[in-house]
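Structure first, commentary second.
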Amino acid sequence: MWASSIANALRVSTASRTSFPPAFSLTRCFSTVLEGLKYASSHEWVRHEGSVATVGITDHAQDHLGEVVFVDLPETGTSVSSGSSFGAVESVKATSDINSPISGEIVEVNTKLTETPGLVNSSPYEDGWMIKVKPSSPSELESLMGAKEYTKFCEEEESH
Amino acid sequence: MRGGLWQLGQSITRRLAQADKKTIGRRCFASDADLKKTVLYDFHVVHGGKMVPFAGWSMPIQYKDSIMDSTVNCRENGSLFDVSHMCGLSLKGKDTIPFLEKLVIGDVAGLAPGTGTLTVFTNEKGGAIDDSVVTKVTNDHIYLVVNAGCRDKDLTHIEEHMKAFKSKGGDVSWHIHDERSLLALQGPLAAPVLQYLTKDDLSKMYFGEFRVLDINGAACFLTRTGYTGEDGFEISVPSENAVDLAKAILEKSEGKIRLTGLGARDSLRLEAGLCLYGNDMEQHITPVEAGLTWAIGKRRRAEGGFLGADVILKQIEEGPKIRRVGFFSSGPPPRSHSEIQDTNGQNIGEITSGGFSPCLKKNIAMGYVKSGNHKAGTNVKIVIRGKSYDGAVTKMPFVPTKYYKP
């Protein structure tokens, strides 16, 4: 699992050269945290671009969950609210709720995850995205963590 | 039952540790100081073990390999598990067998010395107190291993009955093997690798057999048994020799036998169709309902004489009202407590264990359904998060077992 995470981190880092500022790693678990994204304490990320916010789970989250075997996602058009569950990820290990870091209406769902749930592991910040939301209160983003803050949060959680 | 992502990895602990209600709902920092450690604790940490609370112990849920890879590797090569949290117990005395037969469903008297079997401790209502592998070492010495989560309850139960039995003049006493550790070595490389470490000929030792022998320089109790469906052994080793033995096994396998945690152990036993006490078997479930009628034995069926025998023998005669069966299903993997419906949407039962099978690459589950819905091929619906998914009753084991038999 470490090996695949490292490979993953390298790949995401490379990708980040074109679309994002450099990524940096958690010292303890080699998970990648991207600059420019916002993070929830329940380990989801959100990328706000124009009128749409994309939501997924972090590299740290997928690393802890292990191989994702099923992703349960809602329909386009349903509304989500900040802090509430909109779906679930099933790994070999366990079932986990996915919470939306922001409120709004779902405008797109990543249907590729139906056939290839493993994208959540191999590409948590890119191909493994889950939903796109039209935020109803974009100010909610301000209460989320930045990359540095989230990295620190994970390190503290790990050390428990 | 579900945890958010922030409870990462803790969910399985709760799922696996239901026998120990204290563990439920604890988070990562579940007062680690209270947790017991096996002598292999530091060894686990050095090898990358992710330690979690389990039945009052700090145990590795996985190491560096993923649960998927660990599960597959056990069946392709082999796995080494630390199962020292389980409780080994010896009962000794000339009346040991009649004493134990009052508490379990198995034909202990009928076992040849040096052999063992799976059995169930029952209560007055015929429900299961615990399942256990019981071995007749000699006619006046029984060795058994009970679940960690049931240890206190089992020991209290046995002690109460032992007091009463002794007060009537019965000769039985116990010894709890807290001076020993327990390693499970499972998979196709288990026997060839263990053979490097002992002079005894393991090819003459079959599934269910027991020996006291020297392994890697230590006097061990060896049982050819396990909880994965593979050929393999459980090795009770003096605790001071446990780390050396674990190292020797890994070294002799040239890295092919991997340290394996509780996560893969759960996948493996589910694929093998084996019950997890606390999930698939509980106080109110009888061995007949659980599909373990085979463990009762002809003589015990004729004579009874164990707790709850009246209920259990009547169920054998009339057929149980509910039965444990296996399922394949589509959609998300069923988990404990998922509702089972017939194709008309009527409730017929509940899932007790389920997950994605790393070896079959599809969902497998077990649960209880009302009799009549239990035949292989019966179509069912399994309800997960309010949606119903197609499933079908399937024979178990899901993955063929490979026990070493003559």
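Within 10 Å of the Cβ of each residue in A:60-69, the mean number of Cβ atoms contributed by other protein chains is 5. Only lysines eight or more places from A:LYS134 in sequence, or on another chain, were considered; those with a Cα closer than 28 Å are A:LYS38, A:LYS112, A:LYS148, B:LYS387. Charge dipole (Cα centre; +1 on Lys/Arg Cβ, -1 on Asp/Glu Cβ; no other charges) of the protein assembly as shown amounts to roughly 1060 debye. Normalising the average separation of contacting C-alpha pairs (under 8 angstrom, six or more residues apart) by the number of residues puts the relative contact order of chain B at 17 percent.
Look at the alpha carbon pairs under 8 Å that are at least 6 residues apart: their mean separation over the length of the stretch A:23-160 gives a relative contact order of 29 percent. Hey, which of these cross-link pairs are over 21 Å Cα-Cα: B:LYS92/B:LYS402; B:LYS102/B:LYS321; B:LYS92/B:LYS163; B:LYS50/B:LYS362; B:LYS247/B:LYS361? Beyond 21 Å: B:LYS92/B:LYS402; B:LYS102/B:LYS321; B:LYS50/B:LYS362; B:LYS247/B:LYS361. So what's the gap between the Cα centers of the stretch B:276-301 and the stretch B:121-155, to the nearest angstrom? The distance from the Cα centre of the stretch B:276-301 to that of the stretch B:121-155 comes to 13 Å. Here A:THR116 sits with roughly 70 square angstrom of accessible surface, probe radius 1.4 Å. Projected label points at B:ILE316 and B:GLU240, each 7 Å from Cα along the beta carbon direction, are separated by 4.7 nanometres. At full extension, B:ASP214 and B:HIS337 could sit 39.8 nm farther apart than now, given 0.36 nm per residue minus the alpha carbon distance.
Taking 7 Å steps out from each Cα toward its Cβ at A:LEU141 and B:ASN123 produces label points 5.7 nm apart.
Among DSSP beta bridges whose residues both lie in the protein assembly as shown, state the antiparallel percentage, nearest 5.
Counting DSSP beta bridges with both partners in the protein assembly as shown, the antiparallel share is about 95 percent.
Given B:GLY78, A:MET130, B:TYR368, which one lies farthest toward the positive end of the charge dipole of the protein assembly as shown, if we put +1 on the Cβ of every Lys and Arg and -1 on the Cβ of every Asp and Glu? Value: B:TYR368.
If only the Cβ of Lys and Arg carry +1 and only the Cβ of Asp and Glu carry -1, the dipole of the stretch A:89-160 around its Cα centre is close to 160 debye. When only the Cβ of Lys, Arg, Asp and Glu is charged (+1, +1, -1, -1), the dipole of the stretch B:131-191 relative to its Cα centre reaches about 100 debye. Look at the Cα gyration tensor of the stretch A:38-82: its axes a ≥ b ≥ c give a/c of at least 1.5 with a/b at or below b/c, and that counts as oblate. Compute the FRET efficiency between A:THR111 and B:HIS284 as 1/(1 + (r/R0)^6), taking r as their Cβ-Cβ distance and R0 = 41 Å, and round to the nearest 0.05. That pair, A:THR111 with B:HIS284, gives E of 0.40.
When you look at the Cβ of every residue in B:58-67, what mean number of other chain Cβ atoms sits within 10 Å?
Average neighbour count from other chains, rounded to a whole number: 3.
The values are calculated or read from the model by the stated rules, or taken from the named source; none is laboratory data. None of these values were measured; they are calculated from a predicted model. Every residue, glycine among them, receives a Cβ derived from its backbone with ideal geometry; neighbour counts consider all protein chains shown. Areas reflect the complete protein model, heavy atoms only, side chains present, ligands, DNA and RNA absent. Shrake-Rupley method; radii C 1.70, N 1.55, O 1.52, S 1.80 Å.
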